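Visitor: Shown below is the structure under consideration.
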Amino acid sequence: MISGAGIAGPVLARWLVRHGLSPTVVERAPRLRDSGQNVDVRGIGREVLRRMGLEERVRAAGTGEVGLRFVDDRGRSVAEFPVGDSVSGDGPTAELEILRSRLSRLLVDEADGAEFVFGDRIESFEQDDGGVDVAFAGGGSRRFDLMIIAEGIRSTTRNTLFGAEPRYRDLGFYTAYCTIPRNADDDRWWRWYTTVGGRSVHLRPDDVGSTRATLNFVSAPTGLEYRDRGEQVRVLQDVFAGVGDAAPRILDALVADSSSLYLDRIAQVQLPSWSKGRVAVVGDAAYCATPVSGMGTSLALAGGYVLAGALGATADHAEAFASYERQMRPFVDEAQKLPPGVPRIANPTSRLGVRVYRTAVKAAASAPVRAATSRLTSSSTDRGPVLPNYGYL
Ligand SMILES: Cc1cc2nc3c(=O)[nH]c(=O)nc-3n(C[C@H](O)[C@H](O)[C@H](O)COP(=O)(O)OP(=O)(O)OC[C@H]3O[C@@H](n4cnc5c(N)ncnc54)[C@H](O)[C@@H]3O)c2cc1C
């Protein structure tokens, strides 16, 4: 049984079917949601898509973002990182850049042969030597051989399994995502405006006629992520009062309709172990690297693939879970290393800090140092260990 049909869940299901197993995926949302933001697929993630025969379909379903442009207080370009222009082929905007919801849908469609149950979730579970008994919130219970938690960063089933929250490595800021109406000035660039107070404003194109917006701000933890949307919008209005560029437009859009707002604290998930008995964790629930790494989706894709391969290779689940962890840890350790300057220099609070930051991105965008700085918002996991084969080739 797999809990969660985001990215890791359906990939795991698809490969388990290929290895002759029969997974059931339970997703709490009543149907696949269309909200969400642009995500990048890089390195090992791209390799998994290639092995699934999906790389070209994902490319064709991309948002069409042409690169990242930093702008100053007057909206002038400070520095530009065009897509596919770094030496590794993947700068801040990856070559495979797609709406998370669209990728999730493609992956669910690929998991033919798996059973999907939407609109339900685990109420409680109990494991013994022979299996896992799962009681569902919607009523009824079933016994499974194994249970895999793919519920994303705030997974509650994971917390129940380990008896506590994981260690969250807090990166010191909040991020708020929303979808706003596109206007005539919105182009195909990811527009990034940084201002004092550790605040930044982002606009990114999508391929469905709207614009994806992000507001980031440095703050001590206040529990804002647990408040209701109305209060979150009020706090965003306070924090971004007087900020220029696209901030007023985003705030207006949020006041008019906050249904797409998703606000969270940026934190990495760090767990000493990814399994306990017959239950394991995969994707963000196990090792969220944060959007700052640009590697969360790729780790979720690779984690699903590697875990399925390990389970397909042996009937001994303990051996399979150990193998999964051994194979995945190096990728996770690499992706969770923070790019230079993150989070301190990349979220400047003072005028001087903003000037230093803009000078730094300008230097980073210059041809000679572009190769060395492609990790500014991305990871170089491409150069790390290689994915195991599991009879794929
Ligand atoms: C705005 C944004 C931008 C991002 N940008 C990038 C990027 O550029 N590059 C990148 O690699 N990554 C990026 N990420 C991260 C990426 O989206 C995640 O790392 C990735 O989606 C993790 O996949 P997952 O399957 O582990 O978890 P998720 O995609 O979070 O899926 C978890 C699923 O589990 C379901 N669920 C949760 N709890 C339960 C429950 N109790 N019972 C049943 N179902 C449950 C949820 O509804 C959800 O469908 C970004 C994330 C966000 C939010």
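The values are calculated or read from the model by the stated rules, or taken from the named source; none is laboratory data. Predicted model only: the values in this text are computed from it and were never measured. Quick reminder, even Gly has a Cβ in these numbers, built from the backbone with ideal geometry, and neighbours come from all protein chains shown.
Visitor: From the list Ala302, Ala285, Ala267, Ala289, pick out the single residue that is assigned to a strand (DSSP E or B) and either within 13 Å of the ligand (Cβ to nearest atom) or not small (Gly, Ala, Ser) (or both).
Guide: On the way: Ala302 fails: assigned to a strand (DSSP E or B); Ala285 fails: assigned to a strand (DSSP E or B); Ala289 fails: assigned to a strand (DSSP E or B).
None of the others qualify; the one that does is Ala267.
Visitor: Sort out which residues of the stretch 133-150 are closer than 18 Å to Leu16 by Cα and surrounded by 16 or more Cβ atoms within 10 Å (Cβ to Cβ), and write them in order of number.
Guide: Phe144, Leu146, Met147, Ile148, Ile149, Ala150, listed by residue number.
Visitor: Let me ask you something else. Testing Val134 on (1) more than 10 Å from the ligand (Cβ to nearest atom); (2) of a type outside the set (Gly, Ala, Ser); (3) in a loop (DSSP other than H, G, I, E, B), one condition comes back false. Which one is that?
Guide: Condition not satisfied by Val134: (3).
Visitor: Looking at the stretch 305-318, is at least one residue within 11 Å of the ligand (Cβ to nearest atom), not in a helix (DSSP H, G or I) and not small (Gly, Ala, Ser)?
Guide: In the first step, residues of the stretch 305-318 are kept if they are within 11 Å of the ligand (Cβ to nearest atom); the result is none.
No - not one qualifying residue is present in the stretch 305-318.
Visitor: Only one of Val292, Val239 is among the aliphatic types (A, V, I, L, M), touching a strand residue (DSSP E or B) at 6+ places or on another chain (Cβ under 8 Å), at pLDDT below 95 and under 22 Å from Thr194 (Cβ atoms); which? Even if it seems obvious, please write down each step before you answer.
Guide: Values: Val239 fails: at pLDDT below 95.
On inspection, the qualifying residue turns out to be Val292.
Visitor: Out of Val269, Val233, Val282, which single residue is under 29 Å from Arg188 (Cβ atoms) and modelled with pLDDT of 95 or more?
Guide: On the way: Val269 fails: under 29 Å from Arg188 (Cβ atoms); Val282 fails: under 29 Å from Arg188 (Cβ atoms).
Exactly one residue qualifies, and that residue is Val233.
Visitor: For the stretch 1-91, please list each of the helices (runs of 4 or more DSSP H) lying entirely inside it that holds at least 1 residues being within 10 Å of the ligand (Cβ to nearest atom) and within 19 Å of the chain's Cα centre (by Cα).
Guide: Details: elements: 8-18, 43-51, 55-60.
Filter on the stretch 1-91 gives 8-18, 43-51.
Visitor: Would you please list the contacts, defined by Cβ atoms under 6 Å and residues six or more apart or on different chains, that run from a residue in the stretch 282-308 that is at positive phi to a residue that is outside any helix (DSSP H, G or I)?
Guide: Final answer for the pair search is Gly283/Ala150; Thr290/Ile266; Thr290/Gln268; Gly294/Asp40; Gly294/Thr377; Gly294/Ser378; Gly294/Ser379.
Visitor: Any residue in the stretch 177-196 that is over 19 Å from Ala253 (Cα atoms) and among the aliphatic types (A, V, I, L, M)? Show your work before the answer.
Guide: Here is the first cut: in the stretch 177-196, the residues over 19 Å from Ala253 (Cα atoms) are 188-189, 194-196.
Remaining after also requiring among the aliphatic types (A, V, I, L, M): 196.
Taking every residue of the stretch 177-196 in turn, at least one turns out to be over 19 Å from Ala253 (Cα atoms) and among the aliphatic types (A, V, I, L, M).
Visitor: Just name the residue that is nearest to Ala318 (Cα to Cα) out of those in the stretch 104-131 that are free of Cβ contacts under 8 Å to residues at least 60 places away in the same chain and part of a strand (DSSP E or B).
Guide: Here is the first cut: in the stretch 104-131, the residues free of Cβ contacts under 8 Å to residues at least 60 places away in the same chain are 106, 109, 123-124, 126, 128-130.
Next, from what is left, pick out any that are part of a strand (DSSP E or B): 123-124, 126.
On the way: Glu123: 25, Ser124: 22, Glu126: 17 Å.
The residue in question is Glu126.
Visitor: Within the stretch 140-246, which strands (runs of 3 or more DSSP E) (wholly inside it) include 2 or more residues that are small (Gly, Ala, Ser) and either within 15 Å of the ligand (Cβ to nearest atom) or closer than 17 Å to Pro343 by Cβ (or both)?
Guide: 167-181, 210-218
Visitor: In the stretch 326-345, which residues are out of contact with any strand residue (DSSP E or B) (no Cβ under 6 Å at 6 or more places or on another chain) and either within 16 Å of the ligand (Cβ to nearest atom) or closer than 27 Å to Ser101 by Cα (or both)?
Guide: Residues satisfying the conditions are Met328, Arg329, Phe331, Val332, Asp333, Glu334, Ala335, Lys337, Leu338, Pro339, Val342.
Visitor: A further question on this structure: Any chance the stretch 130-149 includes a residue that's modelled with pLDDT of 95 or more and touching a His at 6+ places or on another chain (Cβ under 9 Å)?
Guide: yes
Visitor: Which residues, counting only those in the stretch 170-182, are modelled with pLDDT under 95 and surrounded by fewer than 15 Cβ atoms within 10 Å (Cβ to Cβ)?
Guide: Residue satisfying the conditions is Asp170 alone.
Visitor: Would you mind telling me which numbered condition in (1) out of contact with any Pro (no Cβ under 7 Å at 6 or more places or on another chain); (2) in a strand (DSSP E or B) Ser101 fails?
Guide: (2)
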